[in-house]
Every structure is written in C-alpha cells, then in structure tokens.
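Comments concern the structure below.
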Amino acid sequence: MNLETSINSAPLLRSWDLPDSARHVCCIAMREDLVLLPSFLERRPKSKIRLLLIPDLPANNPEYMRFSASDGMVVIPVCGLRGVERAANLEKVILCRPGPSGAVVAAMLCRSLTACGVRDVYLYAGRERGFGARKALPDFYRQHEARLQKVYGLLADETSREVYAARIKALMTGEAGYLPLSAHQEYYHPLVRPEYGDIMLDGGVSDMVGAQMQFAQSVGETGRIFGFEPIPAMAAIARKKLAGFPRYHLQTAGLGESTGQVCFKNLRDSSHMVLRPDDGDSILCQMTSVDDFVGRHRLGRISCIKLDVEGAEMLALAGSRQTILKHRPKLIVCLYHKPSDMIDIPLFIHELVKEYALYIAHSSCVFTDTILYACPIRS
C-alpha cells in the first residue's frame, strides 16, 4: 500500500460525534469525571449505558451504580477497566474534561484500551468538544508528496507507516482523532528506550521532571544522564527536584547547532528560540551542541539521545552529527513541533547514517507526542 492510499484509508479513531445509531454504549471514566454522566444521559436520551468502566474503581465498590436521568433513575453495572471484554458489542465513550488535563486522562485511558485491543472510541466532554483540533493544512501532502513518500518507505514496520499516514491525515484535516495511540508511553518504544547502563543525553527538560526521574531509574546505577534546560529559573527548579538522582546531571544550557548564546521566549511549560528580545518575555540563554559537549567532557560512549526541544530538533541534530556518526546512539526525537519535521528529521538521520531502523509512534489525544525512534542496525 502506498502512502496516499494509507492516508485516504486512515480511520477516525476518536470522534466527538456519537452517531444516533449508537443505542447501546459503554462509558469509561475516572471517578472524578463521573460528574459528566448525568449530562451525557440528558443529551443522549436514546443511548442506553449498559456498562460503566472505572479504572480507579475502589476494591469495595458496588457492582452497580444509580444515576438520575430525565426518565427516572437508571442502574448501571460497574467494573474496572479489565472488564472491557464485557463491552465487546458496545460503543465505547470516554467521559473527559474539555481542557489539557482531560486530554491527558483521555490519552491514558486510550493507551490502556489499546493494550486491550480497543482503538475506536468516542469522546464526551459536555456541550462542546474538548481538544484535538487545530488549523487544517489540506495541501500538505500535495506540496510534499515525493519526500513524504520517501520517508514512508524508510519506516521499519507497518505500525510506524500507519502512524505516519495518520499524522499526515491529521495535519490535512486538523483532526487529531486520526492518530492511533501506542500502548507504550512517550520516549519508551519497545525497541528504542533508555536502558540499564546507558549514557544518555536528555535534550529538553523544563521544570516538570517526571520523565527525567524515570530516565534515571531506567539507566540504573551504572548509567548516567546529562540533561539540558536553557532557562535558568526552570533549570534551578528541576535541579532541586532531581537532587535525589545523583546519576542525573543537569546542565543550564540548551542544545543547538553550535555553542554560544541565543534569545529564548520564556513560557510557563516550554520555551523556544527567537530572533530578537520581546518586551520582557525573552531571556538570553547559553547553548551548546552535542558534539561540543561530548568532546569537552570526554565522554567515551553515548548510548541514547532524546530531543524534545520545542521545534529546534533539526538544529540539535545538526550539532550532533559527529556524535551520531561515531557512537550510533539510539535516537528519540519529537516530530510534532513543526509539520516540516515529519520530513526533515527522518531524512536527515537516514542520510547521515543509513544503518538506522526508523519507527514512529504517537501517545496523546492531541497533536503533541508524535515521536521518531531510531535504532542502530547491528551487523
């Protein structure tokens, strides 16, 4: 199957529009989101909820719950997510809040359902859709057809090709619901992930360090991680949070094509480079390239490089050229910050070292967290 055919046949896996024909449904929600159930019953009076799945269901929870509906009290069987096989013939509806926190919960539920073999779900957040929409780029495939097809042909497995085609369709339609979610979390592909004993470079930290703590646990006592965060205030907070992980070494610097200083626009949860200062929201930050850092610290091996650097991934890769050529590390590189990265990043890696197997996975219900995983092919 070629790329255009794959794009055209990619199904919408998560929709906000439950069809009127869906009369028998299974609702899935965390306990705090059960407040949406009366609204769902009111707006969908013809839909009968035959089962309610609650992942954080307490051990002593009753087997049935009662909820008030327009036509009286309804009694719904309840079980944990492991009971999803009981919903085989029911339409699945995830109840979630409309904002970013709801998107995180929905992604967690979708990943769990994917692991159980369920991919097609509907989302409900109240009167309006909650997330997963952006400006459509209807001409994206036509404008880049040849190079997109080349990347598609380089991918190592059918799962990656499916995600790649779905990502393009999502960009063209502005609808993230086309993107199939992996059962694994971001940065942890089954074949490409931080592992025990790795020497890892972690590009892009911010002050939220849950992933960094997990990286430190993954590399174990014999591994080391060098993290890079350019915003001094964020780096200071992150360094305090990571104080209990002595194998994690945080640098107050960003990763780029060369060593020097650049201007960053400082945002709450992420930052990005800008050409000139901007009314107090920008800050001058130190940058380094991977090649300069590895040489300066005389690192004898590099096992893994992760880059989530807010759209500067191509610059960071350009500054990693000699390290990649010499050490052949595993690469974990975000593709979602700019549409062109879907083309430029895989082609750059392939043209630099052809002996890489390239995989792509997606792990959110929005447009973030589409990631390229590159694994060196050992002879």
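Each reported figure results from applying straightforward, stated rules to the coordinates on display, with no laboratory input. These figures come from a predicted structure and were not determined experimentally. Here the Cβ is made from the backbone with ideal geometry for all residues, glycine too, and neighbour counts use every protein chain on show.
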Taking the number of other C-beta atoms within 10 Å as the exposure measure, put MET287, MET30 in order starting with the fewest.
MET30, MET287
Say a site is exposed when it is one of the trypsin sites (Lys or Arg not before Pro), sits in a DSSP loop, and has at most 14 other Cβ atoms within 10 Å; what is then the longest site-free stretch of the chain?
136-267
Each residue of segment 100-114 in order: what ³J(HN,Hα) in whole Hz does its phi give by Karplus 6.51 cos²θ - 1.76 cosθ + 1.60, θ = phi - 60°, with x for Gly and Pro?
x, 5, x, 5, 5, 5, 4, 5, 4, 5, 5, 4, 5, 5, 4
Taking the Cβ of each residue in VAL35, VAL294 as the centre, tally the other Cβ atoms inside 10 Å and list the residues starting with the fewest.
VAL35, VAL294
Report, in whole Å, the centroid distance computed from the Cα atoms of segment 6-37 and segment 97-122.
10 Å
Quick calc, the chain, dipole around Cα centre from Cβ unit charges on Lys, Arg (+) and Asp, Glu (-), nearest 20 debye, gives 460 debye
May I ask you to evaluate 6.51 cos²θ - 1.76 cosθ + 1.60, the Karplus curve with θ = phi - 60°, for each residue of segment 166-173 and list the ³J(HN,Hα) values in order in whole Hz, giving x for glycine and proline?
5, 5, 5, 5, 4, 5, 5, 9
For ILE360, other-chain or 5+-apart residues with amide H closer than 5 Å (H placed, Pro excluded) are SER160, TYR373
Return the distance in nm (one decimal) between the two label points of a simple spin-label model at LEU34 and SER21, each offset 7 Å from Cα along Cα→Cβ.
3.3 nm
Direction-averaged shadow area of the convex hull around the Cα atoms of segment 21-117, nm²?
6.2 nm²
What do you get when you divide the Cα radius of gyration of segment 176-219 by 2.2 N^0.38 Å, with N the number of residues?
1.34
In angstroms, what radius of gyration and Dmax does segment 85-151 have, counting Cα atoms only?
16.3, 46
Just list whichever of LYS92/LYS306; LYS135/LYS326; LYS92/LYS265; LYS240/LYS265; LYS92/LYS240 have alpha carbons separated by over 32 Å in the model shown.
LYS92/LYS306; LYS135/LYS326; LYS92/LYS265; LYS92/LYS240
Long-range Cα-Cα pairs in segment 183-334 (distance over 22 Å), rounded percent
36 percent
When only alpha-carbon atoms are used, what values of Rg and Dmax, in angstrom, describe segment 38-194?
18.9, 59
Mean separation of Cα pairs under 8 Å and 6+ residues apart, divided by the residue count of segment 17-124: what relative contact order is that in percent?
30 percent
Using 0.36 nm times the number of residues separating ALA146 and MET65, minus their current alpha carbon distance, what extension gain do you get?
23.7 nm
Beta bridge orientation in segment 183-334: antiparallel %, DSSP, nearest 5:
35 percent
Treating each Cα of segment 121-165 as an identical point scatterer and ignoring solvent, apply the Debye formula and state log10 I(q)/I(0) at q = 0.17 Å⁻¹.
-0.71
